[in-house]
Amino acid sequence: MKKSIRFRNAFRFSIIFILIYLLIPSNVSIADRPKWNSSWSFSQEIDIPFDTSLDIANFQPIDTTVFFENPCWAKDKINHSIRICCWDGYIWHELESQIYNLESTSSNMITSCNIVFLIPEFADGNEKYFIYYVLMAFDKQVGFLFIILFYKF
């Protein structure tokens, strides 16, 4: 009798499992979006303070302060690791940007800065904006890979 109950329970479980497997679409993904570039160590989402689905939002400048969650390499306003990227739901777009008001912690490391970029023409209110940055960068003047050795991992 016990074997029969176990068999029925196992059979029911198998049927439920098969039904769930068949009902879940095969295109469901755990990740919402792929990374823009796997070579970049860190990313943070940037909140846009207005509705980008409005036509008037196209080409509007965004000037925001970013506080980095991790150390960010930046030698100055021109030589830095910061990139602004926009995910439109299908592909990534790297946006032109400028930084200023860098808050340094040590040589070539910043904790925050202001960043300016334009809302792209394709903005429809569903896109997401991210700042990507790294802990190291290739220094063209010296010709070697600059790595932050004092950062505690």
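The values are calculated or read from the model by the stated rules, or taken from the named source; none is laboratory data. Fair warning: this is a prediction, and the values are worked out from it, not measured in the lab. Methodologically, a virtual Cβ is constructed for each residue, glycine included, from the backbone with ideal geometry; neighbour enumeration extends over all protein chains shown.
Residues to consider are Leu149, Leu145; find the one that is at pLDDT below 95, aliphatic (A, V, I, L, M) and either buried (at least 18 other Cβ atoms within 10 Å of the Cβ) or not in a loop (DSSP other than H, G, I, E, B) (or both). Spell out how you get there, then give the answer.
Details: Leu149 fails: either buried (at least 18 other Cβ atoms within 10 Å of the Cβ) or not in a loop (DSSP other than H, G, I, E, B) (or both).
Just one listed residue meets the conditions, Leu145.
Just one of the listed residues (Ser112, Ser104) is at pLDDT below 95, surrounded by 12 or more Cβ atoms within 10 Å (Cβ to Cβ) and assigned to a strand (DSSP E or B), namely Ser104. Taken over the range 98-123, residues that are over 16 Å from Trp73 (Cα atoms) and either over 19 Å from the mean Cα position of the chain (by Cα) or free of Cβ contacts under 8 Å to residues at least 60 places away in the same chain (or both) amount to 5.
Mind checking whether some residue in the range 45-57 is surrounded by 14 or more Cβ atoms within 10 Å (Cβ to Cβ), at pLDDT 90 or above and in contact with a strand residue (DSSP E or B) (Cβ under 8 Å, 6 or more places away or on another chain)?
Here is the first cut: in the range 45-57, the ones surrounded by 14 or more Cβ atoms within 10 Å (Cβ to Cβ) are 46, 48, 52, 57.
The next check asks that each one be at pLDDT 90 or above; those that pass are 46, 48, 52, 57.
From the residues that got through so far, the ones that are in contact with a strand residue (DSSP E or B) (Cβ under 8 Å, 6 or more places away or on another chain) too are 46, 48.
Looking for residues that are surrounded by 14 or more Cβ atoms within 10 Å (Cβ to Cβ), at pLDDT 90 or above and in contact with a strand residue (DSSP E or B) (Cβ under 8 Å, 6 or more places away or on another chain), one finds at least one in the range 45-57, hence yes.
Can you pull out the residues in the range 74-87 that are surrounded by fewer than 18 Cβ atoms within 10 Å (Cβ to Cβ) and hydrophobic (A, V, I, L, M, F, W, C)? Ile78, the sole residue that qualifies. The single condition from (1) out of contact with any Phe, Trp or Tyr (no Cβ under 6 Å at 6 or more places or on another chain); (2) in contact (Cβ under 8 Å) with a residue 60 or more places away in the chain; (3) surrounded by 14 or more Cβ atoms within 10 Å (Cβ to Cβ) that Pro71 fails is (1).
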